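Values quoted throughout were computed directly from the atomic coordinates according to the rules given, and no laboratory measurement underlies them. From a predicted model like this one, the values you see are computed outputs, not experimental measurements. Note that we place each Cβ from the backbone using ideal geometry, even for glycine, and neighbour counts take in every protein chain shown.
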Amino acid sequence: MVNGNIMMIKEIKSKQKRIYTTILSSYLYLKCNKVLFGIFIGIFTIFCTSGFAQSPEIFKQVKLLYPDANAVVLEEKENVNIEIENGELKINSRHHIDKIILNEKAQGYANEYIYYDDTFNEISDIHAVLLTPNGKKYKKQKVDNIKTTGKVSSSIFFHDNKVKQIIFPKINEGSRAIVSYNEETKDPHFLGAFYFSSYMPSVKSEFSISFPKSVKIKYKLLNDDDGKIEFKEVEEKNIKTYTWRSKNVDKYNWDSDAVPISYVEPHVIVYIDEFETEGETKKVLSDANQLYSWYRSLISKVNSEENEELKAIVDTLINEEDSRYDKIKKVFYWVQTNIKYVAFEDGLSGFIPRDASTVCAKRYGDCKDMASIITEMLKYCDIKANFTWIGTRKIPYTYTDIPTPMVDNHMIASVKVDDKYLFLDATGQYTPLGFPTSFIQGKEAMIGLDPENMILEAVPVIEKEKNAYTDSTIVEIQNEALVGRSFSNFTGYSKLAMVPNLSDQTYDKNKDFLSEILEKGHNKFSIDTVSISGVNDRDKKLGLNYDFTIPDYVKNLNNNIYVNLNLDRVYYNDYIQKERLDQDLIIKYKFIEKHKTCLKIPIGYHLTTIPENENFYHNDFGFSIKYTHNDDQIILDKTIYIDALLLDKKDFTEWNKMIDLLNKSYNEVIVLKK
């Protein structure tokens, strides 16, 4: 679905996370150093004036304030202007960015990239200037190397997103790259967001929106708990202007495991509630119901005619004795199996599903198309299914708080069974009925009941017990090798993480993957034989039963045998480096692992040393390790779990305590004496 991409297009240069450096903190630090303090006062004075000094001396001042930065944004502005013409809204924005390059290795920082969708936006009047230090002045050079290309995406087969690349010539230390341009927003539903942080430190950022009093604007300022973003509202000659400003914001540091930028970085979202023209009030995005009304208008003509081919397919799938639940399952599984997921983003078509007949004929489609064919096929089963709009977990907003297309980027189908909704997302090819795809767990869904009515419903979060990996292993000692057999089962998302890599139910086809994922002991581990079950049955657990050998694993010394029964060292040394990461971590799904390892004591040996039991409990994560000695065998039972979808940064210390204990336990050995 294209709408999330369009609404997030202004975020592309904003990766994730940052740490604030405020004017006050800079002041307190610099006051301890009289030389730097004087420079700070000088540069602060420059930054607070209407424009920046045209003297290259500013380079030295910025370099002292940001010694580790490759480049710094001196000023970034976006000024949105809304007018009413011929009863419709006309929306234009002027963008301006001024960057200073702090070292010659930062050529890429000078270039500017303007991302947009040419169906909804038009970019014009681009001005780019390079200022190169020349003594006490700058040498000014106009930049004309501007290229327009399609935005490359490995996950989208076709889209109409564009990028204008403004390529600057070779830069020198202290050069400034200045770009300004106009943006016309063609649809009033897409005003977007403005971020006050960047992948570079930012000295000054400003976002403003001006509009007639007859236009009602709503806004939401997010992630500004410290109140660092200044807000001002003025009114002049029936024109209102809202302005937000920030100063001296350090860069954020992107991390692939952390929550996306929209969860943590200060940004403002503005949207149009309604406007009056010629005595008429026109609603735009007044609330979630109004957003639904617009969404519903886009799909009003979808599946307006029945399709005999699709009816015939349904007739072959469904039996008279099938329950309602069975019919839903058969339709859902047929779409998963027979319709290939291919992402499309094509202007307004990115919001409109294709007819089920078209999807059936082509045998491929995007998320909207899969929702279309599921709802239509279930209609032929006399089962009412609903088009459902939803955002993935990458998006933190809800329809209640921000009723705009920024909330969602995905479409699925839903159907009510026994007073609860099943969420049918066929983009998850192997997902069993009753499980949502993992990336929409906990999200608010907009379920379209009919052309006038919808409800907001939370997608369930699957409990950890349903996403289990259980392993039962029997081992014995043969000289210095450990030889054994394991019986492993995977359910829920734990299974779904495995299945796409198991293209065939034979070891020869999956040898490399299985050897890596099932490794025990150390890297000399080898699988001798394996049997695989449940790969192609969505409703059954995945079973992996295999024989293995771990050479050079057992130590024999002075009639003593030393062996470590922790063959699967989950999270070994998996510390969170707090100085590297200061944002919450995303967990794909809750899960639990249970490992039982049984060692048969060799004839002629007896147990002299057994490790102590260990455990750690936290609401969101934990483990237990327990040893048992029964006659001629020693049993290790280990359980480890994560019971949250977000790992809060305030719990990182506790997580690292758990890893300390795990590491200690993982290094304990059993001693057998002859």
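In whole angstrom, segment 463-522 maps to an equivalent ellipsoid with semi-axes of 24, 17, 9, each derived as √(5λ) from the alpha carbon gyration tensor and ordered largest first.
The calculated Kirkwood hydrodynamic radius for segment 60-113 is 13.7 Å, given to one decimal from all distinct C-alpha pairs. For segment 286-332, the convex hull spanned by the alpha carbon atoms encloses 107 Å³ per residue.
Considering only Tyr605, Tyr292, Met446, the residue lying farthest towards the positive end of the dipole of the chain is Tyr605, judged by Cα position with unit charges set on Cβ. The value given for segment 292-458 is a Kirkwood hydrodynamic radius of 16.0 Å, derived from the mean inverse Cα-Cα separation.
Annotation: amide H of Thr277 within the under-5 Å range of Lys282, sequence separation 5 or more or interchain, hydrogens built in the peptide plane. Evaluated with a Cβ-only charge set (Lys, Arg +1; Asp, Glu -1), the chain carries a dipole of roughly 2380 debye about its Cα centre, given to the nearest 20. Once the Cα-Cα distance is subtracted from the 0.36 nm per residue extended length, the Asp273 to Val417 segment shows a gain of 48.3 nm.
The reciprocal of the average 1/r between distinct C-alpha atoms defines the Kirkwood hydrodynamic radius, which for segment 191-265 equals 14.1 Å. Charging the Cβ of each Asp and Glu at -1 and of each Lys and Arg at +1, and nothing else, the dipole of segment 464-673 about its Cα centre rounds to 200 debye.
Sorted from greatest to least, the principal axis extents spanned by the alpha carbons of segment 90-198 come out as 48, 34, 27 Å.
In summary, the lysines within cross-link reach of Lys443, defined as a Cα separation below 20 angstrom excluding same-chain residues under 8 places away, comprise Lys220, Lys368, Lys394, Lys416, Lys420, Lys464, Lys466, Lys588, Lys590.
Mind checking which aspartates and glutamates have their C-alpha under 15 Å from Lys650, skipping anything on the same chain fewer than 8 residues away? Partners found: Glu579, Asp582, Asp584, Asp620.
Which pairs in the list Lys520/Lys674; Lys60/Lys240; Lys90/Lys340; Lys596/Lys674 are over 32 Å apart, alpha-carbon to alpha-carbon? Where the Cα-Cα span goes over 32 Å, the pairs concerned are Lys60/Lys240; Lys90/Lys340. So what's segment 464-673 giving for Rg/Rh, alpha carbon basis, Kirkwood Rh from the mean inverse pair distance? Radius of gyration relative to Kirkwood radius: 0.98. Taking a straight line from the alpha carbon of Lys147, these lysines sit under 25 Å away, with near neighbours fewer than eight places off in the same chain left out: Lys10, Lys13, Lys15, Lys77, Lys99, Lys105, Lys139, Lys162, Lys164, Lys170, Lys186.
Distance distribution P(r), the chain, all Cα-Cα pairs, bin width 10 angstrom from 0: 3, 12, 19, 20, 18, 15, 9, 3, 1, 0 percent. For segment 597-674, applying the loop criterion from DSSP together with a ceiling of 14 other beta carbons within 10 Å to the GluC sites (Glu not before Pro) yields Glu612.
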